[in-house]
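Asker: Right, I'll just put the structure down here and ask away after.
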Amino acid sequence: AGHPKEHWEVHAHGIMASKGGPDVSAVTSGSWFNPATWSGAVPQAGQSVQIPAGVTDSYDGISDAALDQLTVEGALTFSTAVSSRLVLDTLTGDAAGLLTIGQLGDPGAPGVQVEILIADSGDLDPQSDPALMGRGLVASG
């Protein structure tokens, strides 16, 4: 089960995190879609997900399962060879986290499309999220 916004806290550096911790964490570098990459199974809809420091995961597929939160402390690299789609409510990261979608000299193969979609989970609650930082891309660095 995912973590409702009232269970989130804002750390000193401004990045939100679930007080209960992630539902699933990457335990090794590899494909997002490989169950062996994760501390259980491939992330499912409604879950809070973490890619910890020192881990690099490759997002190389299409999923419409809307995650609650994805925290990138390591690296998340989107494939430039195949189209991909990631749906989530909140994507968080700090100065150490790295999100890569193509690069100079390798922007992606012709026809490859990368989508990061912010799910519409309803209105933010100012009582549980007074900074109104509970949706979208929340990053520092």
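The values are calculated or read from the model by the stated rules, or taken from the named source; none is laboratory data. Quick caveat: nothing in here was measured; it's all calculated off a predicted structure. Cβ placement follows ideal geometry from the backbone for every residue including glycine, while neighbour counts extend to all protein chains displayed. Calculation scope for accessible area: heavy atoms of the full protein, side chains included, ligands and nucleic acids excluded. Shrake-Rupley method; radii C 1.70, N 1.55, O 1.52, S 1.80 Å.
Asker: Taking the Cα centre of the chain as the origin and placing charges on Cβ (Lys, Arg +1; Asp, Glu -1), which of THR92, LEU137, PRO107 is farthest toward the positive end of the dipole?
Answerer: Comparing the listed Cα positions along the dipole, PRO107 ranks first.
Asker: Another question about this same structure. How much area per residue is accessible in the chain when the probe is 1.4 Å and only protein heavy atoms are counted (Å²)?
Answerer: 50 Å²
Asker: Okay, moving on. Starting from 0.36 nm per residue, how many nanometres of slack lie between LEU117 and ALA41 once their C-alpha separation is accounted for?
Answerer: 25.2 nm
Asker: First compute the accessible area of the chain with a 1.4 Å probe, then give the percent of it belonging to carbon and sulfur atoms.
Answerer: On the chain, the fraction of accessible area on carbon and sulfur atoms equals 54 percent.
Asker: Size of the dipole of the chain about the Cα centre, Lys and Arg at +1 and Asp and Glu at -1 on the beta carbon, nothing else charged, in debye to 20?
Answerer: 220 debye
Asker: Between segment 92-119 and segment 20-59, how many Å separate their Cα centres?
Answerer: Taking the Cα centre of segment 20-59 as reference, the centre of segment 92-119 is 17 Å away.
Asker: Tell me which residues come under 5 Å, amide H to amide H, from LEU99 once H is placed; ignore anything under 5 positions away on its chain.
Answerer: Distant-sequence amide H within range of LEU99: LEU76.
Asker: In addition: Here are several values of semi-axes √(5λ) of the Cα gyration tensor in Å: [x] 33, 17, 10; [y] 25, 16, 15; [z] 32, 18, 16. Which one was derived from the coordinates shown?
Answerer: It is the value labelled [y].
Asker: Net charge near SER25, counting Lys/Arg +1 and Asp/Glu -1 over other residues with Cβ under 13 Å of its Cβ?
Answerer: Its environment carries a net charge of -3.
Asker: Could I ask something else about it? Amide H of ILE116 versus every other amide H placed in the peptide plane: which residues, excluding those fewer than 5 positions away on the same chain, fall under 5 Å?
Answerer: Residues meeting the amide H criterion: LEU86.
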